[in-house]
Amino acid sequence: MARPEKIRLGDLLIQQGLLTDEQLKLSLDEQKRSGRKLGRIFVDGGYVTEEGISKALARQLQIPFIDLRTYPLKAELIQKLPEAQARRFRAIVLEDRATGLLIGLSDPTDLAAYDELARILRRDIELAAVTETQVLATIDRTYRRTEEIAGLAKELTSELGDMPVEFGEILGLSTGQEDAPVVKLLQTVFEEALRLRASDVHIEPQEKSLRIRFRIDGLLHVQTEADYKIATAVALRLKLMSGLDISEKRLPQDGRFVIQLRNSPVDVRISTMPTQFGESVVMRLLNQNTGLLSLDRLNIPPRILERLHQAVHRPSGMVLVTGPTGSGKTTTLYAVLNELNSTEKKIITVEDPVEYRLPGLNQVQVHEKIELSFSRVLRTALRQDPDIVLVGEMRDQETAEIGMRAAMTGHMVLSTLHTNDALTTPIRLLDMGVPRYMVALSLQLVLAQRLVRVICESCAQPYQPTPSEREWLRSELHDRVDAQRYSHGPGCSHCNGTGYQGRTGVYEMLEMTNEVVQSANNDDPNAFVQAAKKQMAGNTLRRDAVRLVLAGRTTVDEAMRISNQYED
């Protein structure tokens, strides 16, 4: 195709009725002051959307506009253009046609970009209009740094050689050497993990290799396999960074450190464990710049959300959030604290570790080595005249009893407990040895939750449930199963072939009403179970999971995976 023509964007948008003369004048004044691109000023000012600008340019230049969220991208085509140039020109290779390569460009009027791309690719090129945000998101997903990580691992292997050495002194002396291969390797691993939204990094020595895996949306993905010789060097470097004992390899250790990635501080919690072939290291990544979600944005069903609002705004009582590790309990509790936080209330948190920083709170991290335990800190916290206390986890009878007494004596207590569902939570407290009357009088509400994967919007399509899935759905939908629409994602480049992208919460609630409290005081556990099931009717994990299935947010398979199979 011919080289694109230069277009005055403001005049074009006015001509197509997307911008007014006054808005253009204000934007031009802002451009003189800030030097920013005019298109970005239009979007930030709310005058026109990115998509609106791209479509207007496409109409004027008579080229297609392509929505990258639904376009069937091919990684091998995209990577024909080096990542540096793709980011510089906001460009992406879409198709290999007989007439040339189809290139998506966020600014298809950029003559210099057109010429440079044709030179780099050594092909005739045709243009399509795409939005800048979508281009950058696609580049982030596609240009994996697997080869770079593998290359750095080989460089480290080469430096170490075949000699069995003790790396403690070497690494201790080279702490400040940012160009050391082990430092560059770990820096690249952390950057890639952050870019891929990984929650955990697993570094696992095998018999003949060192495997690095990322946990993304709850599932582990192999990032690279490196030479097993570097396992000790990597583990020791991480121990140095987190202040652990580098001479101790026989016992598990836990620590933490903060690293700066993309101008953002990331809190890293590290756990080491001796295995047959060396020390396994697992790191949980917590981005401190990630904004706290509000309760209204957690996808909690309206009825449950209303009751939760009422419970946490009471002057006293206990609210428990339950679920397995990694189910979002802390995120939910901090959404509650974010809502309750004010200058009129004193809030103290007792955690291990402190995962989120929230201004105005008094946050305490327990430290078992110096006997700064949950129970000890909690006792002290209650002498600090708090209105609201958050206890990271009810780990033992002593902590649970102190929390229950605080809830009975004028404090709002928030905490977590590891149970399968809301119904078994009061029973678990009794099993821990907490007196029955304490559970009945102090516990106000139990919120149980899980995280389900969300269907990728780019490849979502209609789906017919299997016979076993239909039978499972029938417990909630009865004869309406066949009248509903279901979706799934077969997998695409946007979701790395998984069919899912991101996660959302699924919830159930048990409210300690008078009837449930009376049954809790009864020695017959069956009476409590029946009263609790009656109170929870319609507010179960299964029901909420089916709600998301019918909304097209998740698959039947995901709903079955997280909900309780034994529910009546």
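Summary table below
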{"item": "Any hit, region 62-69, residues being at pLDDT 80 or above, open to solvent by less than 60 Å² (accessible area, probe 1.4 Å) and assigned to a helix (DSSP H, G or I)", "result": "no"}
{"item": "Restricting region 8-28 to residues that are part of a helix (DSSP H, G or I) and open to solvent by 60 Å² or more (accessible area, probe 1.4 Å), the residue that is nearest to Pro108 (Cα to Cα)", "result": "Asp11"}
{"item": "Subset of region 310-343 (residues that are part of a helix (DSSP H, G or I), among the aliphatic types (A, V, I, L, M) and in contact with a Leu (Cβ under 8 Å, 6 or more places away or on another chain))", "result": "Ala311, Val312, Leu333, Ala335, Val336, Leu337"}
{"item": "Among (1) open to solvent by less than 70 Å² (accessible area, probe 1.4 Å); (2) modelled with pLDDT of 85 or more; (3) out of contact with any strand residue (DSSP E or B) (no Cβ under 6 Å at 6 or more places or on another chain); (4) in a helix (DSSP H, G or I) - the single one Gln31 does not satisfy", "result": "(2)"}
{"item": "Count of region 191-214 residues which are under 15 Å from the mean Cα position of the chain (by Cα) and crowded, with 20+ Cβ neighbours inside 10 Å", "result": "5"}
{"item": "Residue list for region 497-532, filter: on the phi > 0 side of the Ramachandran plot and surrounded by fewer than 19 Cβ atoms within 10 Å (Cβ to Cβ)", "result": "Gly497, Gly502"}
{"item": "Evaluation of Leu305 against (1) under 30 Å from Gly538 (Cα atoms); (2) at pLDDT below 90 (one fails), failing number", "result": "(2)"}
{"item": "Criterion violated by Ile53 - all others in (1) surrounded by fewer than 15 Cβ atoms within 10 Å (Cβ to Cβ); (2) in contact (Cβ under 8 Å) with a residue 40 or more places away in the chain; (3) part of a helix (DSSP H, G or I) satisfied", "result": "(1)"}
{"item": "Selection count, region 222-237, where residues are assigned to a strand (DSSP E or B) and open to solvent by 30 Å² or more (accessible area, probe 1.4 Å)", "result": "3"}
{"item": "Flag if Leu81 is touching a Ser or Thr at 6+ places or on another chain (Cβ under 7 Å) and in a loop (DSSP other than H, G, I, E, B)", "result": "no"}
{"item": "Residue tally, condition in a strand (DSSP E or B), more than 14 Å from Leu285 (Cβ to Cβ) and not polar (S, T, N, Q), over region 207-219", "result": "3"}
{"item": "Leu81 being farther than 16 Å from Thr142 by Cα, buried (at least 17 other Cβ atoms within 10 Å of the Cβ) and in contact (Cβ under 8 Å) with a residue 12 or more places away in the chain", "result": "no"}
{"item": "Subset of region 39-50 (residues that are part of a helix (DSSP H, G or I) and either over 11 Å from Gln23 (Cβ atoms) or under 28 Å from the mean Cα position of the chain (by Cα) (or both))", "result": "Gly39, Arg40, Val43, Asp44, Glu50"}
{"item": "Scope region 533-568; condition open to solvent by 30 Å² or more (accessible area, probe 1.4 Å) and of a type in the set (Ser, Thr, Tyr); matching residues", "result": "Tyr566"}
{"item": "Lone unmet requirement of (1) at pLDDT 85 or above; (2) in contact with a helix residue (DSSP H, G or I) (Cβ under 7 Å, 6 or more places away or on another chain) for Leu156", "result": "(1)"}
{"item": "Within region 463-568, helices (runs of 4 or more DSSP H) holding 1 or more residues that are more than 29 Å from the chain's Cα centre (by Cα) and without any contact (Cβ under 8 Å) to a residue 60 or more places away in the chain", "result": "467-477, 514-520, 525-536"}
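The values are calculated or read from the model by the stated rules, or taken from the named source; none is laboratory data. Being a predicted model, the structure only gives us computed values, none of them experimental. In this analysis, Cβ positions are derived from the backbone assuming ideal geometry, glycine residues included, and neighbour counts consider all displayed protein chains. Please note that ligands, DNA and RNA were not included when accessible areas were found on the heavy atoms of the full protein model with its side chains. Shrake-Rupley method; radii C 1.70, N 1.55, O 1.52, S 1.80 Å.
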